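Colleague: Attaching a single structure in structure tokens format; questions to follow.
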Amino acid sequence: MTSKTIQASKKIAAKDFDNVDRLFGTNQVQDGYDILKKRLDGGEKSAELLWRLARFCHERVGFADRKNRKELVLEGRKYGADAFAADSSNFQAARWAALMSGQSAEFLGIRERIDEGKKCKKYLDKALSIEPKDEGLLHLRGRWCYSVSNLGWFERRAASILFSGLPNSTIDDAIADFRAVYALNPKWPENLLYLGKSLLQKGNKAEAKKFLQEAVSIPPFNDIEREIIVEAQGLLSKC
């Protein structure tokens, strides 16, 4: 099959999802999830279906109670990984495998978190090789660098024992990625929060304050963004 044929097939497949794609970014994400889950239960397991289910899980997390978030994130992580396994050349499959893998880290123990981090980096590198200026992926890479740079001695030791260590990622690497995202999307509260946190960690209080103030000035879309704004307000007292 030629590359042109593959691309044409993907375009045809994408048209099968027109009715649910319009539900992304709305308060009807549960409806979109239900439609696709029914198709999955009916035996459909294409990468196009699976990455969309991962994305719907991600968007549902924003409206979920804290106690229900872990289940949604881990479900979305599975869909993302399955989408990547079905078609690793599919940008959205790689993208959502990376994003859901990264999002799952906060719910995992040390060993699982280190293991998942390596998987996340694999997905992330693949997705960025296809689309190097995707803001969600650049933010995720910034979060990766931020997390690695903040690992404690015990976690670093565990990584070196369980695996072959972790790459040297610095807070400056994280700041560079968060700045790149800011240039693409200056109104993203989560990126503003992490840019502010990283600059504050570097001791650049004046610039950190600027970005944290921008974060709290943006009306929140969902519960997670409200929590981000509360965190940013708390950090402003340290600037």
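Colleague: Can you tell me, using C-alpha contacts under 8 Å and at least 6 residues apart, the relative contact order of the stretch 109-239 as a whole percent?
Modeller: Rounded, it is 19 percent for the stretch 109-239.
Colleague: Relative to 2.2 N^0.38 Å, what does the C-alpha radius of gyration of the chain come to as a ratio? Two decimals please.
Modeller: Relative to the 2.2 N^0.38 Å estimate, the chain comes out at 1.05.
Colleague: Please give the helix 189-202 orientation as an angle from the longest Cα principal axis of the chain, in degrees from 0 to 90, rounded to the nearest 10.
Modeller: Roughly 40 degrees between the two axes.
Colleague: When the chain is fully extended, how far beyond the present Cα-Cα distance does Leu74 get from Lys133, taking 0.36 nm per residue of separation?
Modeller: The span from Leu74 to Lys133 would gain 18.6 nm if fully extended.
Colleague: Along the Cα-to-C-beta direction of Ile35, a point sits 7 Å from the Cα; which residues of the stretch 56-70 have their amide N less than 18 Å from that point?
Modeller: 56-60
Colleague: Can you give the FRET efficiency to the nearest 0.05 for Asp223 and Asp16, using r as the Cβ-Cβ distance and R₀ = 22 Å? Don't skip to the end; give the middle numbers.
Modeller: Working: r = 32 Å, r/R0 = 1.43.
Approximately 0.10, to the nearest 0.05.
Colleague: Continuing with the same structure: Using alpha carbons only, how many degrees (0 to 90, rounded to 10) separate the axis of helix 3-15 from the longest principal axis of the chain?
Modeller: Orientation of helix 3-15: about 90 degrees from the principal axis.
Colleague: If each residue of separation counts as 0.36 nm, what is the full-extension length gain between Asp115 and Arg157 once their alpha-carbon separation is subtracted?
Modeller: In short, 13.8 nm is gained.
Colleague: With labels modelled as points extended 7 Å from the Cα through the Cβ direction, what inter-label distance (nm, one decimal) is found for Val230 paired with Ala85?
Modeller: Those two pseudo-labels are separated by 3.7 nm.
Colleague: Taking the number of other C-beta atoms within 10 Å as the exposure measure, put Ile130, Ile229 in order starting with the fewest.
Modeller: Ile130, Ile229
Colleague: Here's something else I'd like to know. Any aspartates and glutamates with Cα under 15 Å of the Lys122 Cα? List them, leaving off those in the same chain fewer than 8 positions away.
Modeller: The reachable aspartates and glutamates, counting only those whose Cα sits under 15 Å from Lys122, are Asp82, Asp87, Glu131.
Colleague: Now for a different question. Tilt of helix 66-86 relative to the longest C-alpha principal axis of the chain, in degrees (0 to 90, nearest 10)?
Modeller: Once rounded, one gets 50 degrees.
Colleague: Let me check against my output: what whole-number percent is the relative contact order of the chain, with C-alpha pairs under 8 Å and at least 6 apart?
Modeller: Relative contact order for the chain comes out at 12 percent.
Colleague: Can you compute 3J(HN,Hα) from phi for each residue in the stretch 51-60, using the Karplus curve 6.51 cos²θ - 1.76 cosθ + 1.60 with θ = phi - 60°, rounded to whole Hz and x for Gly and Pro?
Modeller: 5, 5, 4, 4, 5, 5, 4, 4, 6, 5
Colleague: Right, next: If I take the Cα coordinates of the stretch 18-119 and project them onto the principal axes, what are the three extents in Å, biggest first?
Modeller: Largest to smallest, the principal-axis extents are 40, 33, 22 Å.
Here, each number is a calculation from the coordinates, and none is a lab measurement. Quick caveat, the model's predicted, so the values are computed rather than measured. Here Cβ is always computed from backbone atoms with ideal geometry, including for glycine, and neighbour counts include all displayed protein chains.
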